[in-house]
Amino acid sequence: MLSRLRTWGSFVRFSHSVFALPFALVGALLGMPAGGFDWSRVIWIVACMVAARSAAMGFNRVVDARIDARNPRTAMRELPAGRMSTREAWAFVIISSLVFVACTIPLGRVCLALSPVALAIVFWYSLAKRVTSFTQAFLGLAMAVAPIGGWLAAGGELGAEPLLLGLAIGTWVAGFDVLYACQDLEFDRKEGLHSIPTKFGVARSLTISRALHVVTVIALAAVGVRAALGPVYAAGVGAVALLLAWEQSLVSADDLSQVKRAFDINGWVGVLYFAATAAAVYWR
């Protein structure tokens, strides 16, 4: 059983939850009514995030299994390597999806009604590379669901702040995914797959990535202004900006060897941002 749990965790890259989960929690933190903090609600939000992300990543691995098998970078993933059967993978996706929908029930009728829409958005990303060059934009959209969903689940009303949070995480993740996709440029062109790098080339794609991360910082700063989060929050956004600048400095059109290092740095962005926002709310 422990071996299977490790396999399932690797299958969906459970540790990569650090990308969306902190933003979902920020959405919940800022969306909760004053004096209405509810730990049980937070637990349900975390459960929703983990289940939805697991379903989305599992779906991605299933529909891309044959492509992954032909790509040297991904050939050792669980399905191509034979460590998991397709039937087991589909069962994992279905169960994760059902768990996600079930976890929205305690969060209210709005969240329950929107749960199929959220699943459709996160599943679509895995298919987008077959039909559009703006695949990374759809990943950004899928991730933007996290803070908006967290905000609504906490009882907040849809407004500028959750939309700005969605814009921030969407451009943050899309910006990095553009960098990541540059590694597979030649393979994707050979396979007839679409992405921003296959359409624009590496050099222009890096410019697009950097522009997206500029938008990320602007959107995060705008959240602080709208929500009056003060200097602690502003310092956190400044630190995020420095991390993103460091990440971008590691990658150039002539050298993609540091993409993995940039990925590791990127993982700290959400954690740092959540910590800064939580501290700002506490001292506000």
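The values are calculated or read from the model by the stated rules, or taken from the named source; none is laboratory data. Since we're looking at a predicted model, the values are computed, not measured. Reconstructed Cβ throughout: ideal geometry from the backbone, glycine too, with neighbour counts over all protein chains shown. Quick note on the areas: whole protein, heavy atoms, side chains included, nothing else; ligands and nucleic acids left out. Shrake-Rupley method; radii C 1.70, N 1.55, O 1.52, S 1.80 Å.
Of note:
- Filtered by the rule that a residue be part of a helix (DSSP H, G or I) and open to solvent by 10 Å² or more (accessible area, probe 1.4 Å), the stretch 182-194 gives GLN183, ASP184, LEU185, GLU186, PHE187, ASP188, ARG189, LYS190, GLU191.
- Here is the figure for the stretch 238-270: residues that are farther than 18 Å from LEU206 by Cβ, open to solvent by 60 Å² or more (accessible area, probe 1.4 Å) and within 18 Å of the chain's Cα centre (by Cα) total 2.
- Residue, nearest to LEU164 (Cα to Cα), within the stretch 204-248, restricted to residues that are in contact with a His (Cβ under 9 Å, 6 or more places away or on another chain) and of a type in the set (A, V, I, L, M): ALA241
- Residue satisfying all of: in the stretch 61-108; within 21 Å of ASP188 (Cβ to Cβ) and among the polar types (S, T, N, Q); modelled with the lowest pLDDT among these: THR74
- The number of residues in the stretch 168-207 that are out of contact with any Phe, Trp or Tyr (no Cβ under 7 Å at 6 or more places or on another chain) and among the β-branched types (Val, Ile, Thr) comes to 5.
- Test for ALA219: is it under 19 Å from the mean Cα position of the chain (by Cα) and at pLDDT 95 or above: yes
- Search result, residues across the stretch 220-266 that are among the charged types (D, E, K, R), closer than 17 Å to ALA181 by Cα and in contact (Cβ under 8 Å) with a residue 40 or more places away in the chain: GLU247
- Of all residues in the stretch 86-122 being surrounded by 13 or more Cβ atoms within 10 Å (Cβ to Cβ) and closer than 17 Å to ASP68 by Cβ, the one that is farthest from the chain's Cα centre (by Cα): GLU88
- Of the numbered criteria (1) loosely packed, with under 15 Cβ neighbours inside 10 Å; (2) in contact with a Cys (Cβ under 9 Å, 6 or more places away or on another chain), the one SER205 fails is (1).
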